[in-house]
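What follows is calculated from the coordinates using simple rules that are stated; it is not laboratory data. Values in this document were obtained by computation on a predicted structure and should not be read as measured data. Positions of Cβ are generated from backbone atoms using ideal geometry, with glycine treated the same way; all protein chains shown enter the neighbour counts.
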Amino acid sequence: MLLGAAVIQWSAALVKPAFAVIGPGGATSGRFLFGAVVLVCVTRPKVQHWNAPQWRSALALGATVAVMNLSFYQAIARIPLGGAVAIEYMGPFLVAAFAKRSLRHVAFVALAGLGVLALSRPGGGITLAGALFAGLAGVCWGAYTFASHRVGDVTRGLEGLAVAMVIAAAVTLPFGLGDAQLVAHHPYLLARLALVGVMATVLGFGFEMQALRHLKPSIVSVLLALDPAVAFLIGWLLLDEVVNAWDLVGLACVVIAGVGVTYDAAREDLKIVL
């Protein structure tokens, strides 16, 4: 999960400069297209033997990640990477928080809300449009953990991920058709999109699917709480995004709340198993 977070956020930093040329939609389409081609060539999924549950799970995962990444790229085109991931994390966080209603979880929700307010303060670089796109990505992120877990359960290796990424590439293809000729005539941009596709779609999602094969989504959420911290670090190192004291306070609130809620969920799962 940590490798997946690092690779995915790193790829987001690499693709962000391309938005000025082809826009977030075109970058999303190129990323999935290249990633899907690599995954299909490597795994060669034997879909002729698939049953209905396998197709349904791959379709759900493909559609979910397509909307998630379209929204996320639209968000980071407007707001800093770290702030976008912190808001996006509210999706899986709130699912975990309200799964078990208690005063303790209400306190964690309030703490996370204060963290988001600190990140979205005036002058913090968070716009309404960027926050809304990040919020939509967060809803899809929560669904993604369950969809990826399901695909890992009903398929072998990475063949389910390969089919899901083909579906995601088909869903996002209309957003990249207008820029196809431009990308084809710029080898540097083509290479950047190919690299991002391999990093995010093949390696990032591949790492996370392997983790979700061995861990329940509620336990994985403990590690997802570290994604905003990874995003802030990469945004600072690679994109020269300014990180000040309020950003650190907001980040700490979000991460602590996320770890607290999902740790409780993991303990409940462990009690049931025992």
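Projecting the Cα atoms of PHE205, PRO187, LEU251 onto the charge dipole of the range 2-273, computed from C-beta unit charges around the Cα centre, puts PHE205 farthest toward the positive end. Magnitude of the charge dipole for the chain, about its Cα centre and with charges confined to Cβ atoms of Lys, Arg (+1) and Asp, Glu (-1), is about 540 debye. The stretch between VAL40 and LEU177 holds 47.2 nm of extra length on full extension. This uses 0.36 nm per residue minus the Cα-Cα distance. Filter the DSSP H helices in the chain by two things, a Kyte-Doolittle mean of at least 0.5 and an axial alpha-carbon span of 15 angstrom or more, and list the hits by number. Helices meeting the span and hydropathy rule in the chain are 2-15, 19-43, 52-76, 103-119, 128-154, 159-172, 227-238, 245-273. Projected over every direction and averaged, the convex hull enclosing the alpha-carbon atoms of the chain yields 14.5 nm².
In the chain, helical runs assigned H by DSSP with n ≥ 4 each contribute -39500 (n - 2.57); averaged across all residues and rounded to the nearest 500, the mean residue ellipticity at 222 nm is -25500 deg cm²/dmol.
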